[in-house]
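Novice: Supplied in structure tokens, the structure appears directly below.
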Amino acid sequence: MNSKVFRNLSYGLYVISTLDGDRPTGCIANSVMQITSSPATIALSMNHNNYTNKCIKESKKFAVSILSEASNPSLIGNFGFQSGKDVDKFKDIEVKNIDSLSVIEDTCGYITCKVIDTMETSTHTVFLADVIDGNVNNNSIAMTYAYYHNVIKGVSPKNAPTYLPPEEDTIKKQVWVCSVCGKPYEGTIPFEELPDSYTCPVCKQPKSKFVLKQL
């Protein structure tokens, strides 16, 4: 089977936020879909290995902040490539509190939800949830996974449904790649000549986090 066919399905990019006790936590997801319009119901797929999964099961609520093409790409690195169990992902992030959940300002909209049912697969939990509230933040275009993959040149975390392992038959050259989010360096200046203050445009990790890889 050619797993690349799944990239032709429609995916967005979202920051899923919930509560870890009384503190906010969350992660990136790309599998959110509307199930019904009345009553408004959505489904969210979340890997068992995501700390956010455990917190949603305990709090029974979550919010979806919808990333736009204008959203700062560092949000993807911040929420997608580190665990909320170990770090405060919401530190220095501009948010507003809706239904006791933190929703991100730098997005094109948000939805807050209450879990009403779950379905377990071998790797993921599918949360079915009633929509409690939702609003549009601005008129920017919602980011799709295709935009993230083709324009920003980002890759999926290993826990994401869209993650595909590297293909040995596509190895062509050596490039510097961010070891945190997988973003390759694509500038015209030789990487070795970049200042030590250089940071990854996606996850804002320092130059020292880049490693030489075959792509």
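Novice: With θ set to phi - 60° and the Karplus curve 6.51 cos²θ - 1.76 cosθ + 1.60, what are the ³J(HN,Hα) couplings of region 14-27 in order, to the nearest whole Hz, using x for Gly and Pro?
Specialist: For region 14-27, the Karplus-derived couplings read 9, 9, 8, 10, 8, 10, 10, x, 10, 10, x, 8, x, 7 Hz, x marking Gly and Pro.
Novice: Shifting gears a bit: For a quick check: with amide H placed at 1.01 Å from N, whose amide H comes under 5 Å from His124's, ignoring anything fewer than 5 positions away on the same chain?
Specialist: Here the answer is His48, since their amide H atoms fall under 5 Å of that of His124.
Novice: Per residue, how much accessible area does region 1-148 show when a 1.4 Å probe rolls over the protein heavy atoms, in square angstrom? Show your work: numbers first, answer last.
Specialist: Working: 7330 Å² over 148 residues.
Here the per-residue accessible area is 50 Å².
Novice: Say a site is exposed when it is one of the trypsin sites (Lys or Arg not before Pro), sits in a DSSP loop, and has at most 12 other Cβ atoms within 10 Å; what is then the longest site-free stretch of the chain?
Specialist: Working: sites that count: Lys85, Lys91, Lys158, Lys172, Lys173.
Result, exposed sites excluded: 1-84.
Novice: Moving on to the next point. How much of the accessible area of region 74-134, in percent, comes from carbon and sulfur atoms when a 1.4 Å probe is used? Please list the in-between numbers first.
Specialist: On the way: 1430 of 3020 Å².
On region 74-134, the fraction of accessible area on carbon and sulfur atoms equals 47 percent.
Novice: Now, a different point. Under the 0.36 nm per residue contour assumption, what length would be gained going from the current alpha-carbon distance of Asn135 and Met119 to full extension? Spell out each step's value before the answer.
Specialist: Numbers: separation 16, 0.36 × 16 = 5.76 nm, distance 2.72 nm.
Length gained between Asn135 and Met119: 3.0 nm.
Novice: Binning every alpha carbon pair distance of region 1-102 at 10 Å from zero, what are the percents per bin?
Specialist: With a bin width of 10 Å, the distribution comes to 14, 46, 31, 9, 1.
Novice: Can you report the principal axis dimensions of the chain using only the alpha carbons, biggest first, rounded to whole angstrom?
Specialist: 54, 43, 34
Novice: Amide H to amide H, which residues 5 or more places from Gln205 or on other chains are under 5 Å from it, using H placed in the peptide plane?
Specialist: Those lying under 5 Å, H to H, from Gln205 are Cys200.
Novice: Tell me which cysteines of the chain come out unpaired when the rule is another cysteine's Cβ under 4.7 Å.
Specialist: Cys27, Cys55, Cys108, Cys113
Novice: Here's a follow-up. Does a label point 7 Å from the Cα of Lys85, set along Cα-to-beta-carbon, have any residues of region 115-131 with amide nitrogen under 18 Å, and which are they?
Specialist: 123-125
The values are calculated or read from the model by the stated rules, or taken from the named source; none is laboratory data. If you're wondering where the values come from, they're calculated on a predicted model, not measured in any experiment. As a convention, Cβ positions derive from the backbone with ideal geometry for all residues, glycine included, and neighbour counts pool all protein chains shown. Surface accessibility is based on the protein's heavy atoms, side chains included, excluding ligands, DNA and RNA. Shrake-Rupley method; radii C 1.70, N 1.55, O 1.52, S 1.80 Å.
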